[in-house]
Amino acid sequence: MSIEEIIIDKVRILPPDKQQEALDFVEFLLAKMQKQELSAQEIKSGVSALTLAQEYVGCVEAASDLSTNKDYMDGYGL
């Protein structure tokens, strides 16, 4: 008996709510696998660090422009 057949037999025994949990877990594993494959492809293709970090741009709240507003450094240093 293959692993696939064993999994199917065991899932059939579960109540519907547990079958849904099993499906959710399988979908999570598939998404994780796809993300890893995509990440490996990006690394091979020479994607820039900015492109990889693009989804995180703007996710942190801070002063509008720290490079021109030096007040944030008051009290540090000498």
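Quick look at the values:
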read-out	value
Members of the stretch 1-52 that are small (G, A, S) and exposed (fewer than 10 other Cβ atoms within 10 Å of the Cβ)	S2, S45, G46, S48, A49
In the stretch 1-43, the residues that are hydroxyl-bearing (S, T, Y) and either in contact with a helix residue (DSSP H, G or I) (Cβ under 6 Å, 6 or more places away or on another chain) or over 30 Å from A53 (Cβ atoms) (or both)	S2
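Each value in this text was obtained by applying a stated rule to the coordinates, not by laboratory testing. The structure displayed is predicted, hence computed values, not measured ones. A quick note on method: Cβ atoms are made from the backbone with ideal geometry, for glycine too, and the neighbour counts reach across all protein chains shown.
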